[in-house]
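These notes concern the structure reproduced below.
Read-outs: derived from the displayed coordinates by stated rules, not from any lab. On a predicted model such as this, the values are computed, not experimentally measured, just so you know. Here Cβ is always computed from backbone atoms with ideal geometry, including for glycine, and neighbour counts include all displayed protein chains.
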Amino acid sequence: LKQPGFPLGWGGWLPFEWRDTELKDFEQFSQGGRPNILPIIQIILARDPAAVFAWLDRMSAKGWDFQSVVPAHLDAPLDIGLKEFAATFDFAFGDKKNEVRSCDEDVEFLRKAEEGALNFSVYKTPYGTLSGKTGPCQLRA
């Protein structure tokens with residue numbers, strides 16, 4: 001994939017270049033627009049998964065009957081109700097694992113930060129550090 005040819009203020013310099021595997025990588029992450037928790041947010045939510053599920057239970061108990069969700073990133077709105085919205089969190093924390101549906105190497109940087117520089121956190125996650133559910137995809141040669 002080529003970078004667009006517009007000027008960026010630093011003489012067109014970019015901190016990285018897209019690899020040919022990025023599209024496949026994004027397709028693995030987005031899975032056709034299915035709702036997903038961004039890995040950096042999941043690190044935060046994984047500190048207290050009981051609070052996350054209590055929040056979802058309160059929404060269900062109050063009978064919130066919504067038909068769409070407007071996420072902060074990617075496609076919007078998503079035509080999903082409470083059941084599909086809650087399933088997003090089940091995928092991340094349902095097996096009591098801190099997994100994302102992306103490839104493991106996609107979250108390697110965040111995992112290393114969590115195990116290293118961010119290891120001082122007062123709140124440790126009961127689910128362990130972030131990992132990719134699909135294991136390594138070997139997208140980067």
### Message
Per-residue counts of other Cβ atoms within 10 Å, averaged by peptide: what ranking do you get for 44-52, 92-100, 23-31, highest first?
### Response
92-100, 44-52, 23-31
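Which loop-located trypsin sites (Lys or Arg not before Pro) does segment 49-85 contain, where loop means any DSSP state but H, G, I, E or B and the Cβ has at most 14 other Cβ atoms within 10 Å?
Counting only loop positions with at most 14 other Cβ atoms within 10 Å, the trypsin sites (Lys or Arg not before Pro) in segment 49-85 are Lys62.
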### Query
What does the charge count near Val107 come to, summing +1 for each Lys or Arg and -1 for each Asp or Glu among other residues with Cβ under 11 Å from its Cβ?
-2
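Using the Cα gyration tensor of segment 37-112, with a ≥ b ≥ c the square roots of its eigenvalues, what is the shape: rounded (a/c below 1.5), prolate (a/b larger than b/c) or oblate (neither)?
Cα axes put segment 37-112 in the oblate bin.
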